[in-house]
Each structure stands twice: as C-alpha cells, then as structure tokens.
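The next block holds one structure in the form of structure tokens; read it before the comments.
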Ligand code: GRF
C-alpha cells in the first residue's frame, strides 16, 4: 500500500479529498503523516480527526536550517514514505528533501500551468490574474515537483470555464472542486 506524506499550510480540503477517497475505497493508499508549517492549520485538525500522525515543522520552530531539514527527513524516513503530496503547501520544499524523493513529490496548483505559476502565484492572486487577463478558461494542475515553484512535469490538468461575473472567490471555489478530483486521481496514477 502506497504510504503518503501530505504537506499542507491551510484549510486542508485537498488533504480531506485524499482522506475521503481512501475511506471510500477509491485509493489504495495510506496517509501515514501530515506535515504543516503552520501550527494552527486546519489541515492538522483534519488529520488528527482521522487518526493521522501530524507534525508542525517550520523554519521558525527549528531555527537552524540543518535542524529543520533533518527533522523533516526524519519524519519522512520514519514513516517509510513512498509519495510526498503537497496539498496547499505554501513553502518550497528544501532541496535535500527533493533530492531524497526526486520523482516522488507531487503538487496541486489552482491554475493551468505553465501559465499563472511560480513565486507569488498562489491563492487569490492567481484567480485575480486570470480574471484580469480575460481568460476564457482556468483550471487545476497536478505536477511533479522539482527545484522551482510550479515547474515540474504535468501529470493531470482539468479546466473550468471562467464566467463574466466571476470574482476571484467564485473562480477559486470552482477550481478547488476540480483540485479535489484530480489530486486523488494523480495519487492513483502513482499506485498504477
Ligand atoms: C488550494 O487552492 C491549493 O491549490 C492552493 O491553496 C489552496 C489550499 O487549499 N495551493 P486547501 O488547503 O487544500 O483547502
């Protein structure tokens, strides 16, 4: 069974989509651990509610970079992780982690990469930029993670319509629904 480590910084609805897919028998995987850089992230609560071991690992908590990285590596090694899933994670993974798990880290991004990706392109900024550009479509992408934000090979993409009366929030909500579909599917691809 594929053992997942999920990284999340916020609400954790993408994490929840994975937990639910597993519970419904659609995903033969186990969320072995959830890691957040935010000690109060609701994603941690969601994990705890599902009996999943959680860790708060951040560069504030572990002031030394090497201590920060070694803590992260220790958690991943201890849980014998097969696949690292970034689900609404706002930090760049340390290079040492990507080196160790190269080809086994995926990320979900709320836009049709390669457009609207990269540093600063997160959350409502993305949807505002899509609307300002007058795009006819937006969507979500799951991609392999390399050393740059939102840059690695694309695994799954699905688009949504953009409507004239859309606000960044209404577009974000429509895209988020798609994220919840394609992220578990991307994990299933790895199982295959
Ligand atoms: C999602 O739109 C994700 O793509 C982006 O941040 C949002 C987090 O959603 N990175 P959640 O925390 O999974 O609810």
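The values are calculated or read from the model by the stated rules, or taken from the named source; none is laboratory data. Note that this is a predicted model, so its numbers are computed, not measured. Every residue, glycine as well, gets a Cβ built from its backbone with ideal geometry; the counts of neighbours run over all protein chains shown.
Residues in segment 47-73 that are in a loop (DSSP other than H, G, I, E, B), under 18 Å from residue 20 (Cβ atoms) and out of contact with any strand residue (DSSP E or B) (no Cβ under 6 Å at 6 or more places or on another chain) were compared, and the one that is farthest from the ligand (Cβ to nearest atom) is 51.
Every listed requirement among (1) closer than 30 Å to residue 25 by Cβ; (2) in contact (Cβ under 8 Å) with a residue 60 or more places away in the chain; (3) surrounded by 14 or more Cβ atoms within 10 Å (Cβ to Cβ) is met by residue 191 save one, (3).
When you check residue 86 against the structure, is it within 12 Å of the chain's Cα centre (by Cα) and either within 13 Å of the ligand (Cβ to nearest atom) or crowded, with 18+ Cβ neighbours inside 10 Å (or both), yes or no? For residue 86, the condition - within 12 Å of the chain's Cα centre (by Cα) and either within 13 Å of the ligand (Cβ to nearest atom) or crowded, with 18+ Cβ neighbours inside 10 Å (or both) - is met. Residues satisfying the criterion are absent from segment 59-68 (criterion: surrounded by fewer than 18 Cβ atoms within 10 Å (Cβ to Cβ) and closer than 20 Å to residue 187 by Cβ). Looking at 44, 27, just one residue is closer than 21 Å to residue 177 by Cα, at pLDDT 95 or above and within 13 Å of the ligand (Cβ to nearest atom), and that residue is 44.
Applying the condition of being surrounded by fewer than 12 Cβ atoms within 10 Å (Cβ to Cβ) and touching a residue at least 24 places away in the same chain (Cβ under 8 Å) to segment 119-138 and asking which residue is farthest from residue 172 (Cα to Cα) yields 119. For segment 152-172, a residue qualifies if it is free of Cβ contacts under 8 Å to residues at least 24 places away in the same chain, more than 18 Å from residue 114 (Cα to Cα) and surrounded by 13 or more Cβ atoms within 10 Å (Cβ to Cβ), and exactly one does: 170. Within segment 1-46, the residues that satisfy the criterion of being surrounded by 18 or more Cβ atoms within 10 Å (Cβ to Cβ), touching a strand residue (DSSP E or B) at 6+ places or on another chain (Cβ under 7 Å) and assigned to a loop (DSSP other than H, G, I, E, B) are 8, 9. Considering 109, 79, the condition of being within 16 Å of the ligand (Cβ to nearest atom), under 22 Å from residue 184 (Cα atoms), at pLDDT 95 or above and out of contact with any helix residue (DSSP H, G or I) (no Cβ under 7 Å at 6 or more places or on another chain) is satisfied by 109 alone.
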